[in-house]
Amino acid sequence: MRLPDGTIVFLNAESSLKYPVSFVEKGKRQVFLTGEGYFEVAKDRSHPFIVKTTRQEVQVLGTHFNINSYDDEAATTTTLLEGSVLVSNSNLVQKVLRPGEQSVLSSGRIQVAPADVEEAIDWKNGEFIFGGDNFRTVMRKIERWYNIEVIYEPSAPINLQLGGFSSRSRNISTVLKMIAKTGEVHFRIEGRKVFVSK
């Protein structure tokens with residue numbers, strides 16, 4: 001979507017963006033993100049652009065970045081591709097990100113480290129990239145993208161790590177078959193429910 005100031009925002013599955021009717025309010029441009037969004041912010045040094053989520057606030061002047069802030073994820077991640085951003089938590093602790101860095105906000109603490117930028121914006125490019133990700137994290141991505149419910153049976157793996165790549169345009173059966181080739185997990189699909197077992 002294109003915002004009134006020319007900023008372009010891409011929203012991932014199960015995500016929403018709210019902003020006031022009067023877009024520039026009190027000298028700033030402020031939006032509220034639920035879920036995940038990729039922002040290409042229009043440059044306007046006199047009106048800072050602020051993205052608020054339930055756990056953090058990101059302030060920018062003009063830049064490209066991704067925020068993953070789903071309620072069912074333990075951490076909020078902000079990945080910077082271009083420019084610079086100031087990330088703040090609810091305790092007003094602030095960190096500045098440089099291109100190629102990612103902040104991870106978890107348990108009230110912000111940690112900054114080098115980012116795998118391609119993996120952070122895989123959804124925007126129509127891909128799933130799993131770089132040694134935790135199995136249940138991968139399944140939450142699949143659950144959101146395909147609008148399904150994942151049900152874990154008692155035998156379902158807990159500590160499985162996944163690596164690989166798939167197009168998001170593939171149907172869910174193809175993606176699940178690819179994961180099942182690990183031999184560590186089995187899937188059974190019943191309507192919009194996917195049952196996971198060993």
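Length gained on full extension, Lys28 to Glu149: 39.7 nm, using 0.36 nm per residue less the C-alpha separation. Accessible surface computed residue by residue for region 99-198, with neighbouring protein chains in place and a 1.4 Å probe, gives 54 Å² per residue. Exposure check, 1.4 Å probe, all protein chains in place: Asp72 carries approximately 80 Å² of accessible surface.
With the simple spin-label model, which puts each label point 7 Å out from Cα in the Cβ direction, the Ser106 to Glu184 separation comes to 1.7 nm.
For Glu184, what is the net charge nearby, where nearby means another residue's Cβ is under 15 Å from its Cβ and Lys, Arg count +1, Asp, Glu -1? Result for the local shell: +2. Cβ-Cβ distance of Ile8 and Lys43, R₀ of 22 Å, FRET efficiency by 1/(1 + (r/R0)^6): the value works out to about 0.95. Ranked from largest to smallest solvent-accessible area, with a 1.4 Å probe on the protein heavy atoms, His47, His186 come out as His186, His47. The label point for Val93 and the one for Ser167, both projected 7 Å from the Cα toward the Cβ, are 4.3 nm apart. Quick one: with all protein chains in place, what share of the accessible area of region 25-176 is carbon or sulfur, to the nearest percent (1.4 Å probe)? Answer for region 25-176: carbon and sulfur cover 48 percent of the accessible area.
A simple spin-label model places the labels of Ser197 and Leu17 4.4 nm from each other, with each point 7 Å out along Cα-to-Cβ.
The values are calculated or read from the model by the stated rules, or taken from the named source; none is laboratory data. Because the structure is a prediction, the values reported are computed rather than measured. Counting neighbours? That spans all protein chains shown, and the Cβs are built from the backbone with ideal geometry, glycine included. Just the protein is used for accessible areas: all its heavy atoms, side chains included, with ligands, DNA and RNA removed. Shrake-Rupley method; radii C 1.70, N 1.55, O 1.52, S 1.80 Å.
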